[in-house]
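Chemist: I'd like to ask some things about the structure below.
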Amino acid sequence: MSVFAILIALVFIISFIASAFPSWGATLNEQLSAAQRQRKESEKQLADVQTQRKAAETDKAKIQTEIDELSGKISSVEADIRKTNEKLAEKERELNEAEIACENQFASFKTRARIMYENGPSTYIEILFSSGSFSEFLSNIQIIKSLLEYDNRILEERRAVREQIAIQKAEVETIKAEQVTRRNTLNEMKSALAVKKQTHTEIISQLAGQEAIIQTAIANQKAEEDRIQRLITAALEEERRKAAAATTVTTTVITAGGTGTMTWPCPSTRRVTSEFGNRSQPVAGASTNHKGIDIAGYMGVDIVAADSGTVLFSGNSSSYGKYIVISHGNGITTLYAHCSELLSKAGATVTKGQVIAKVGSTGVSNGPHLHFEVSVNGVRQNPRNYVS
């Protein structure tokens with residue numbers, strides 16, 4: 001009767017502790033969840049801004065490539081213009097020389113024409129009749145004819161040269177004007193691209209500023225998460241300490257014993273996902289110093305007592321979720337946590353292999369599994385040393 005009374009009192013105390021914890025535990029977990037949601041939203045915003053900045057930088061690079069290509073085309077056009085100007089200058093020199101030669105010939109023609117006009121047509125007649133012989137007469141006729149033909153040829157050549165000079169000058173000027181127009185068009189395009197590039201530079205600068213602000217916010221949110229996590233970890237450690245102390249007290253008065261050997265507590269699976277001892281934190285609120293082993297299992301499969309004994313506790317806490325503690329005598333206890341359903345009540349006697357609960361994911365958990373602990377005189381041991 002005294003043992004049963006102690007059990008009832010202990011269950012009341014542990015139930016009080018377990019019921020008290022969720023009030024602040026839930027608050028801290030809610031704060032942590034809120035901080036995590038804010039951080040995830042900030043990270044999404046950061047990813048969006050980084051995507052926009054990357055796109056803007058890509059566009060800016062394309063614009064710069066276009067500017068470089070236009071600069072090359074402008075340089076080529078300017079080189080063509082210089083060559084055209086050089087050809088134009090050379091052509092003008094040639095045309096000037098041709099025009100001077102033509103003018104000199106025309107000046108000679110004008111001199112003869114003036115002499116002929118002043119002396120009248122009798123000059124050619126005098127030349128003919130002054131011939132000493134018939135052969136000289138014929139020769140003089142041929143000379144006069146050649147002079148007339150030469151003068152006509154000079155007039156015709158002068159007209160042709162001047163027409164050719166005008167045509168060539170017009171052609172060169174047209175080519176030059178086209179090149180200048182092309183150069184001006186390219187310069188306008190280059191100026192427009194430069195403005196576009198400057199706009200992208202400003203956009204990138206603004207996005208970089210937004211990125212820095214968001215990164216600072218994420219750092220602050222992460223610091224807040226760490227602060228809340230430290231509070232949760234401290235609270236969980238305090239709860240575990242109290243649970244261990246309660247277990248130690250009861251094992252000193254319970255004399256019901258087990259068989260001395262333990263069976264695997266989750267018959268349907270033997271896959272261990274987290275071993276005893278130090279580990280990375282699998283989920284917010286979980287311990288990094290693992291006090292047992294985690295056995296992966298499907299939701300609702302059987303959990304059995306590792307050995308015969310007496311149920312010390314069957315209830316709920318924010319960290320373990322629904323869990324059971326069994327005393328096997330000689331200071332040995334086992335703990336089964338994160339259950340979806342508890343099938344044995346505090347004070348009940350269970351036999352080795354008896355179904356006592358169902359696998360779940362209550363409390364601080366990231367999926368259906370059984371958290372299994374073995375303690376000797378309140379000190380947690382590696383369950384691997386007791387079950388194979």
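Any read-out appearing in this document is the output of simple, stated calculations on the displayed coordinates, not a laboratory observation. Note that the structure is a prediction, hence the values are computed from the model and not measured. Cβ: placed from backbone, ideal geometry, glycine included. Neighbour counts: every protein chain shown.
Chemist: Sequence neighbours fewer than 8 away in the same chain don't count; with that in mind, list the lysines whose C-alpha is under 21 Å from LYS222.
Modeler: Straight-line reach from LYS222, under 21 Å: LYS40, LYS44.
Chemist: Summing +1 for each Lys or Arg and -1 for each Asp or Glu, what net charge is found among the other residues whose Cβ lies under 14 Å from the Cβ of ALA98?
Modeler: -2
Chemist: Averaged over all directions, how much area does the convex hull of the C-alpha atoms of region 170-232 cover when projected, in nm²?
Modeler: 4.8
Chemist: Only Lys, Arg, Asp and Glu count, each charged at its Cβ (+1, +1, -1, -1), so figure out the dipole size of region 255-388 about its Cα centre, rounded to 20 debye.
Modeler: With Lys and Arg at +1 and Asp and Glu at -1, about 80 debye.
Chemist: Taking amide H positions as placed in the peptide plane 1.01 Å from N, state which residues far from GLY363 in sequence (5 or more) or on other chains have amide H under 5 Å from it.
Modeler: GLY321, LYS322
Chemist: Now for a different question. Sort region 324-388 into rounded, prolate or oblate with this rule: let a ≥ b ≥ c be the square roots of the eigenvalues of the Cα gyration tensor; rounded if a/c is under 1.5, and if a/c is not under 1.5, prolate when a/b is larger than b/c, oblate otherwise.
Modeler: Note, shape of region 324-388 comes out oblate.
Chemist: Continuing with this model, one more query. Can you give me the long-range amide H partners of THR273? Hydrogens built in the peptide plane at 1.01 Å from N, cutoff under 5 Å, separation of 5 or more residues or another chain.
Modeler: ASP294, ILE295, ALA296
Chemist: Shifting gears a bit: Please report how far the C-alpha centroid of region 333-349 lies from that of region 62-93, rounded to the nearest whole angstrom.
Modeler: With region 333-349 and region 62-93 each reduced to a Cα centre, they are spaced 90 Å.
Chemist: Apply the Karplus curve 6.51 cos²θ - 1.76 cosθ + 1.60, θ = phi - 60°, to the phi angles in region 367-382 and return the couplings in whole Hz, x for Gly and Pro.
Modeler: Using θ = phi - 60°, the values come out as x, x, 6, 10, 8, 10, 10, 10, 10, 10, 6, x, 9, 5, 10, 6 Hz.
Chemist: Could you state the principal axis extents of the C-alpha atoms in region 282-365, from the largest down, to the nearest angstrom?
Modeler: Each principal axis gives a Cα extent; for region 282-365 these are 35, 27, 19 Å.
Chemist: What does the charge add up to near LYS322, with Lys and Arg as +1, Asp and Glu as -1, over the other residues with Cβ less than 14 Å from its Cβ?
Modeler: +1
Chemist: In terms of modelled amide H atoms, which long-range or inter-chain residues lie less than 5 Å from the amide H of GLN381?
Modeler: Hits under the 5 Å cutoff: VAL374, SER375, VAL376.
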